[in-house]
There are 2 protein chains.
Amino acid sequence: MSEPRWLDAAQQRDWRAYIEGSVRLADLLDRDLKAKHGLATAEYEILVRLSEAPDRRLRMAELAEYASQSRSRLSHTVARLECKGFVARGTCGADKRGVNAELTEKGFAFLEQAARDHVATVREFFVDVIDPEDLEAIGRAFSAVAEQVGKVR
Amino acid sequence: MSEPRWLDAAQQRDWRAYIEGSVRLADLLDRDLKAKHGLATAEYEILVRLSEAPDRRLRMAELAEYASQSRSRLSHTVARLECKGFVARGTCGADKRGVNAELTEKGFAFLEQAARDHVATVREFFVDVIDPEDLEAIGRAFSAVAEQVGKVR
DNA sequence: ACAGAGTGATTGAATTTTCAACAAGAATCC
DNA sequence: GGATTCTTGTTGAAAATTCAATCACTCTGT
């Protein structure tokens, strides 16, 4: 157990390819979104999650979970989005500690535009350059990874 | 062309699984490395690249390329690593503008320790939870992604 | 040789993210 | 009921990253 099992050559190759590809892709998507719509990926992600929630509204803790962000980070980020008028915060009836974040009309309209471009870019640099079977493999693999990571947290 | 081609249900599922899984994994690896060795992934990555270079030394621009970081970011990061005594900067003979970053003995010794733990964690949360064939698919896919991203940059 | 354009690396300020408290409300236990 | 503990969300300072400007050097063309 204390003896480290190194990765074999193929595993190492695949792992590195993943690291490099994913970092570059994330970088590109971020720049693309920022250049075209002035939004960071993390902010975009928040709008997406809200747009899919019932009443386009979620409690901060849930939103943090869905967007894979820390609560602290979410607080700051939502504050910024609130300044831009894309999100509004309101108190949550049942639990007086709770805060609801809600996507505004303006935020929704904005998201519709941004999502088009974003999807096109995701296609161009991810979906369309990957063999469909490999894409399925990625779905399977990263679901397993997310689950495994979830166990420990 | 201006008509957006949305992702079909399966593509969307796979893309989202990837986003969630990769963000959580990156997060976990970062925390793990920071907790056990006080280093961020980006810093670790730099040490790795240096350790593999001839004479454990690389010019800043090359290092930036290998580590998928901007030059500015690299300057700051290397400055930090230099403070810790893991990296030393020296001028580059041929081109007087150039700067070589070199892994120190201390940096190398440190890396040996950190790499063990890191590989173990990568195994536990990535390699070992993924079907070997799916891992190969990931390697293929992200190589293609990296190439595609490289075309435009 | 030399002006102009391009490259390599750094810097400091602005922005973003993390980290460590903190405050207020809910839940638990006796 | 009241003390204790846990959860939710925010805050400000510290750390990291991005952005724009800058400086020094090299290359190119004439």
Please compute the average number of Cβ atoms from other chains found within 10 Å of each residue's Cβ in peptide A:23-33. 4
Grab the DSSP H runs of chain A that are 4 residues or longer, score each as -39,500 (n - 2.57), total them, divide by all residues and round the 222 nm result to the nearest 500 deg cm²/dmol. -22500 deg cm²/dmol
For the protein assembly as shown, with the dipole built from +1 on Lys and Arg beta-carbon atoms and -1 on Asp and Glu ones, taken about the Cα centre, which of B:47, A:19, B:145 lies farthest toward the positive end? B:47
Taking every residue of A:83-89, the Cβ atoms of other protein chains inside 10 Å of its Cβ average out to 0
Helix A:132-152 versus the longest principal axis of chain A: what is the Cα-based angle in degrees, 0 to 90, to the nearest 10? 70 degrees
In the full protein assembly as shown, how much of residue A:116 is accessible to a 1.4 Å probe, in Å² to the nearest 10? 110 Å²
Extent of the protein assembly as shown along each principal axis, from alpha carbon coordinates, in Å, largest to smallest? 61, 45, 40
Once fully extended, how much extra length lies between residue B:82 and residue B:152, figured as 0.36 nm per residue of separation less the alpha-carbon to alpha-carbon distance? 21.9 nm
Excluding residues fewer than 8 places away in the same chain, name every one of the aspartates and glutamates whose C-alpha is closer than 17 Å to that of residue A:84. A:43, A:45, A:102, A:105, A:112
Flagged links, alpha-carbon separation over 28 Å, of B:34/B:106; A:36/A:106; A:34/B:36; A:34/B:151: A:34/B:36
In degrees from 0 to 90, rounded to the nearest 10, what is the angle of the helix B:9-37 Cα long axis to the longest principal axis of chain B? 30 degrees
If you rotate chain A onto chain B, the residue of A with its Cβ nearest that axis, and the gap in whole angstrom, comes out as A:137, 2
Taking only C-alpha positions in chain A, Rg and Dmax in angstrom work out to 18.5, 57
Mind grabbing the accessible area of residue B:60 for me, 1.4 Å probe, Å², rounded to tens? 30 Å²
With +1 on each Lys and Arg Cβ and -1 on each Asp and Glu Cβ, how big is the dipole of the protein assembly as shown about its Cα centre, in debye rounded to the nearest 20? 1560 debye
Expressed as an acute angle from 0 to 90° and rounded to the nearest 10, what is the orientation of the C-alpha long axis of helix B:41-52 relative to the principal long axis of chain B? 60 degrees
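The values are calculated or read from the model by the stated rules, or taken from the named source; none is laboratory data. What you are looking at is a predicted structure, and each value in this text was computed from that prediction instead of being measured. We place every Cβ from the backbone using ideal geometry, glycine too, and count neighbours over all the protein chains shown. Remember, those area values only see protein heavy atoms, side chains included, never the ligands or the DNA or RNA. Shrake-Rupley method; radii C 1.70, N 1.55, O 1.52, S 1.80 Å.
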